[in-house]
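Following: one structure in structure tokens, then a few remarks.
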Amino acid sequence: SYTWSVPSGTVINSGQGTTAINITAGNTSGNISVTATFPCGTSNPTTLSLTVNPLPTVTANSTAPAVCTGNSVTLTGGGASTYTWDNSVVDGVAFVPTATTTYMVTGVDANTCSNTATVTVTVNPLPTVTANSTATAVCAGTSVTLTGGGASTYTWDNSVTDGVSFVPTATTTYIVTGVDAKT
């Protein structure tokens, strides 16, 4: 019969008493030894050194925790040597997420040990912006006031200030850009 000893924290799954064992390595490096017992006595132990490398501390990083619909984000892994993302994401390459998603990265270090990390990217919908006018047609020299709706702040083209009356000099289409409180 054979008697096996393993480093602290290592578990012998099967094979104790036989010529081969199956183990789950713990966190501690050390020696695996086997001693054979036969009718004439016991052999000297045969020893094999077991090195247990720590798992890398992998991080999942995003250029922004939240983006507006249609905007891009870049995800990068940290703490290892190579990184593989789920959802077809390529490490360090910008992409446009279509919905709020938690992305997982697997990092592998130089010892081929791997670990995972996650990051959530929130996708906020675009605001529904409206352009409002006190009048859609005015006589020359008459003032009009333009106001935006559906967002938090408004920027008009043609030097118009939101909510401030002005006198248009010609028939013009005005564009307003509304920004909400979300990114």
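The values are calculated or read from the model by the stated rules, or taken from the named source; none is laboratory data. The structure displayed is predicted, hence computed values, not measured ones. Glycine also receives a Cβ, built like all others from the backbone with ideal geometry; neighbour counts cover every protein chain displayed. With ligands, DNA and RNA removed, areas are computed over all heavy atoms of the protein, side chains included. Shrake-Rupley method; radii C 1.70, N 1.55, O 1.52, S 1.80 Å.
Structure notes:
- Normalised by the number of residues in the chain, the average gap of Cα pairs under 8 Å and 6 or more apart makes the relative contact order 14 percent.
- Accessible-area composition of region 108-183, carbon plus sulfur, in percent [1.4 Å probe]: 54
- Listed residues D157, D86, D109, most fluctuating in the chain (Gaussian network, C-alpha, under 10 Å): D157
- Accessible surface for region 22-96, divided over its residues, is 59 Å² per residue with a 1.4 Å probe.
- Environment charge of T155, counting only residues whose C-beta is closer than 15 Å and scoring Lys/Arg +1, Asp/Glu -1: -3
- Rounded to the nearest 10 Å², the accessible area of F38 at probe 1.4 Å: 100
- Taking a point 7 Å from the Cα of M104 along the Cα-to-Cβ direction, the residues of region 62-78 with backbone N closer than 20 Å to it are 62, 75-78.
- Residues within the reach of a label modelled at L126 (point 7 angstrom out along Cα to beta-carbon, backbone nitrogen below 20 Å), restricted to region 140-183, are 147-158, 173-183.
- Considering only G77, G15, G92, the Gaussian network model of the chain with Cα springs below 10 Å gives its largest mean-square fluctuation to G15.
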